[in-house]
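To start, the structure under review is shown below, and the notes come after it.
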Amino acid sequence: MGTYRRLMGFLRPYRRQLWGSLAFAWAAMGMTVLIPWLIGRAVNAIQDGDKPDLLPLALAIVAAGILRLGLTVVRRLVAGRVSLAVEFDLRQLFYAHLQRLELGFFDSQQTGQLMSRATVDLQAIRFFLGYGLIFITQNLLMITLVTVVMVAINPVLALIALIPAPLIVFTASRYNRISRPAQQEVQQRIAELTAEAEENISGIRIVKAFAREEYQLHRFQRAVSRVFDQSIYSTKLQAFFSPLIGLLPQMGIALVLLVGGREVINGSLSLGDFTAFYTYLVILAGPMRMLGVAMGMAQRAIASGNRLFEILDREPEIESPPGAPPLPAGGGSVRMEGVTLRYDGFGAGASDVDHTRVGSISDAALSDVDFEVADGRTVALVGPSGSGKTSLVALIARLYDPSEGVVLVDGVDVRSVEVESLRSEIAFVGDESFLFSASVAENIAYPRFDAPREEIEAAARRAQAAGFIEDLPAGYDTVVGERGLTLSGGQRQRVAIARALLADPRILILDDATSSVDATTEAAIKGGLREVMEGRTTFIIAHRLSTVSLADEVIVMDGGRIVDRGTHAELLQGCSFYREIAEHGLADSVFLQRDLEQREEVARL
């Protein structure tokens with residue numbers, strides 16, 4: 001009942017429309033109840049040979065039918081508007097709540113599961129609140145009105161006709177108890193199917209590259225089979241109980257024909273009244289069947305509501321504290337004190353967490369990290385995969401909160417300031433650059449939609465992206481495909497770098513941001529980056545040591561800990577672990593050495 005009450009709460013803004021829809025429904029039911037009474041009067045007139053009364057009664061029946069039609073049309077229009085408005089509100093609420101949830105939540109969720117809640121589950125709720133609820137109310141009222149009229153015509157016959165009613169209530173109640181978990185399982189398996197389809201479509205390039213179409217088809221078929229099997233079970237329940245609920249009123253009809261027919265023959269009941277009574281009884285069977293259908297809609301809506309509220313009831317773990325001030329002015333200094341980070345579900349969100357390494361230090365992605373980076377300094381983070389580099393920079397933007405310790409930006413704990421103001425001062429470029437299905441200009445201007453075209457083009461030039469952008473069919477107005485896949489990996493990275501440069505942040509984070517470009521383009525991009533990084537705090541996650549040449553200092557990480565820090569030359573002399581990485585890890589060490597020598601020459605001059 002808790003879920004039902006919560007769903008009903010979404011109708012509160014539309015109370016007037018809902019009551020209006022119910023009023024039209026009740027008026028239409030009044031016409032439905034009136035028509036059999038008019039038919040009974042017409043039958044009596046025929047039996048009595050009263051010709052003058054037939055025409056007015058026939059016209060009244062037609063008028064009642066037309067009026068019922070009009071009322072029903074208006075009721076459906078009003079109910080449809082209410083249902084669509086509720087769906088609109090729910091979808092807005094759901095999406096807004098997703099935006100508030102922390103990154104760790106999405107690490108443990110399948111996109112298809114979330115999409116299923118936003119589509120299939122919301123539609124089930126919409127149909128119930130917009131139509132099912134009115135059907136239930138309408139049918140209950142219809143049953144009540146018809147019963148009252150039947151009692152008024154002949155109380156004994158009414159009592160006989162209602163003998164199956166307790167059986168109908170018991171059967172419907174049992175069906176509801178059994179069908180609720182079955183319907184919820186159907187919804188869950190549909191969500192799994194949606195997740196499977198979404199993952200397959202998103203990874204279609206890999207599927208085709210490895211010629212695994214048949215394998216993916218079999219996986220999808222298994223998911224479809226699970227939906228089919230569960231739906232068949234739910235359909236079997238409905239196939240058994242719905243006809244049974246429909247059969248029970250027929251027992252009442254048979255008894256009425258037997259008893260009422262004898263009364264008509266004996267002359268104790270007029271043929272017109274018997275005809276009206278029988279028509280009411282036939283009408284009564286319809287609402288009883290529809291009540292079962294509407295209750296099924298209610299069960300699906302409650303099952304969907306439970307799935308929806310699982311998300312809506314999850315409080316965001318990372319939010320701005322009440323009355324939090326914006327990040328104060330500063331140059332972008334960063335300090336971490338005793339920082340330890342553990343992911344819920346053990347590494348649910350860290351792509352760079354090496355479980356074998358982390359297991360030796362209390363399953364922590366980061367353990368007891370202490371360091372400070374002054375304003376405007378450029379730091380390279382170096383270490384093997386799984387050493388905690390990405391986890392460390394994620395804490396700066398408060399994508400995650402540390403399990404222990406504190407992260408400070410410009411001397412302020414990041415948990416004490418507005419999250420939006422903090423993140424607006426940090427720009428991130430990853431090794432897999434995500435672009436939206438929009439124009440190139442819109443993707444670059446994503447941090448600042450009001451940026452003039454001149455600034456957008458200037459950022460593209462500094463990212464060495466202007467050349468290929470101008471060669472596109474519509475230049476900066478060319479719409480890239482979903483996730484930017486119509487561009488090459490190197491082109492996407494350059495657009496992402498331009499996007500970060502346009503943001504003009506205090507802190508710039510480059511997670512192997514030149515990994516998808518060739519050596520010539522990388523050298524050109526680094527020239528532009530040096531200009532941008534001037535006077536700006538920059539963290540470079542270096543999977544290719546050639547990017548270390550951009551850094552003033554190198555931090556060496558392993559197993560979630562900082563094992564050493566210093567310049568490249570200092571670490572080569574004093575850190576065997578770093579020396580091992582430099583000697584055995586990468587093929588661009590010659591380029592690195594040449595670049596460092598050039599920088600040292602410039603410094604001497």
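The values are calculated or read from the model by the stated rules, or taken from the named source; none is laboratory data. Remember, predicted model here, so these are calculated numbers, not experimental data. Methodologically, a virtual Cβ is constructed for each residue, glycine included, from the backbone with ideal geometry; neighbour enumeration extends over all protein chains shown.
Quick notes on this structure:
- Leading residue by the ranking (surrounded by the most Cβ atoms within 10 Å (Cβ to Cβ)) among those in region 58-97 that are over 30 Å from Gly272 (Cα atoms) and of a type in the set (D, E, K, R): Arg75
- Residue identified as more than 30 Å from Val406 (Cβ to Cβ) and of a type in the set (A, V, I, L, M) among Ala324, Ala276: Ala276
- Selected residue (criterion: nearest to Tyr446 (Cα to Cα)) from residues of region 405-422 that are out of contact with any Pro (no Cβ under 9 Å at 6 or more places or on another chain) and not in a strand (DSSP E or B): Val419
- Evaluated against (1) among the basic types (Lys, Arg); (2) out of contact with any Phe, Trp or Tyr (no Cβ under 7 Å at 6 or more places or on another chain); (3) within 30 Å of Arg6 (Cα to Cα), Arg75 falls short on exactly one condition, (2).
- Checked against (1) hydroxyl-bearing (Ser, Thr, Tyr); (2) without any contact (Cβ under 8 Å) to a residue 12 or more places away in the chain; (3) not assigned by TED's automatic domain parsing to the domain that holds Thr235, Tyr343 passes all but condition (2).
- Of all residues in region 43-57, those that are under 13 Å from Asp273 (Cα atoms) and in the same structural domain as Thr279 (by TED's automatic domain parsing) have Cβ atoms under 6 Å from Cβ atoms of residues that are surrounded by 11 or more Cβ atoms within 10 Å (Cβ to Cβ) and aliphatic (A, V, I, L, M), 6 or more apart or on another chain, in Val43/Leu271; Ala45/Leu54; Gln47/Leu271.
- Matching entry among Ala239, Ala195, Ala254 (being within 27 Å of the chain's Cα centre (by Cα), assigned by TED's automatic domain parsing to the domain that holds Thr171 and in a helix (DSSP H, G or I)): Ala195
- Contact map, region 19-34: first residue outside the structural domain of Leu284 (by TED's automatic domain parsing) and in contact (Cβ under 8 Å) with a residue 12 or more places away in the chain, second residue surrounded by fewer than 21 Cβ atoms within 10 Å (Cβ to Cβ) and acidic (Asp, Glu), Cβ cut-off under 6 Å, separation 6 or more or different chains; the map is empty.
- Taken together, Gly376, Gly405, Gly386 contain a single residue that is surrounded by 15 or more Cβ atoms within 10 Å (Cβ to Cβ), farther than 30 Å from Leu485 by Cα, more than 27 Å from the chain's Cα centre (by Cα) and modelled with pLDDT under 90, which is Gly376.
- Where a residue in region 468-491 is in contact (Cβ under 8 Å) with a residue 40 or more places away in the chain and assigned by TED's automatic domain parsing to the domain that holds Glu198 and its partner, wherever it lies, is part of a loop (DSSP other than H, G, I, E, B) and not hydrophobic (A, V, I, L, M, F, W, C), with Cβ under 9 Å and at least six apart: none
- Test for Leu114: is it surrounded by 22 or more Cβ atoms within 10 Å (Cβ to Cβ) and closer than 30 Å to Val224 by Cβ: no
- Checked against (1) in the same structural domain as Leu141 (by TED's automatic domain parsing); (2) in contact (Cβ under 8 Å) with a residue 12 or more places away in the chain, Glu317 meets all criteria but (1).
- Note on region 432-489: residues that are part of a loop (DSSP other than H, G, I, E, B) and buried (at least 19 other Cβ atoms within 10 Å of the Cβ) amount to 8.
- Region 328-348, subset modelled with pLDDT of 90 or more and either touching a helix residue (DSSP H, G or I) at 6+ places or on another chain (Cβ under 7 Å) or not in a loop (DSSP other than H, G, I, E, B) (or both), residue nearest to Ile426 (Cα to Cα): Val334
- Residues in region 186-206 that are among the hydroxyl-bearing types (Ser, Thr, Tyr) and modelled with pLDDT of 75 or more: Thr194 alone.
- Residue within region 116-125 that is over 30 Å from Phe24 (Cα atoms), assigned by TED's automatic domain parsing to the domain that holds Trp37 and in contact (Cβ under 8 Å) with a residue 40 or more places away in the chain present: yes
- Ser416 of a type in the set (Ser, Thr, Tyr) and modelled with pLDDT of 90 or more: yes
- Restricting region 463-506 to residues that are of a type in the set (S, T, N, Q) and touching a helix residue (DSSP H, G or I) at 6+ places or on another chain (Cβ under 8 Å), the residue that is nearest to Asp375 (Cα to Cα) is Gln464.
- For Leu485, the conditions (1) closer than 21 Å to Val532 by Cβ; (2) at pLDDT below 85 are fulfilled apart from (1).
- Of the listed requirements (1) surrounded by fewer than 16 Cβ atoms within 10 Å (Cβ to Cβ); (2) at pLDDT below 85, Ala165 misses just one: (1).
- Condition met for Ser351 (small (Gly, Ala, Ser) and modelled with pLDDT of 75 or more): no
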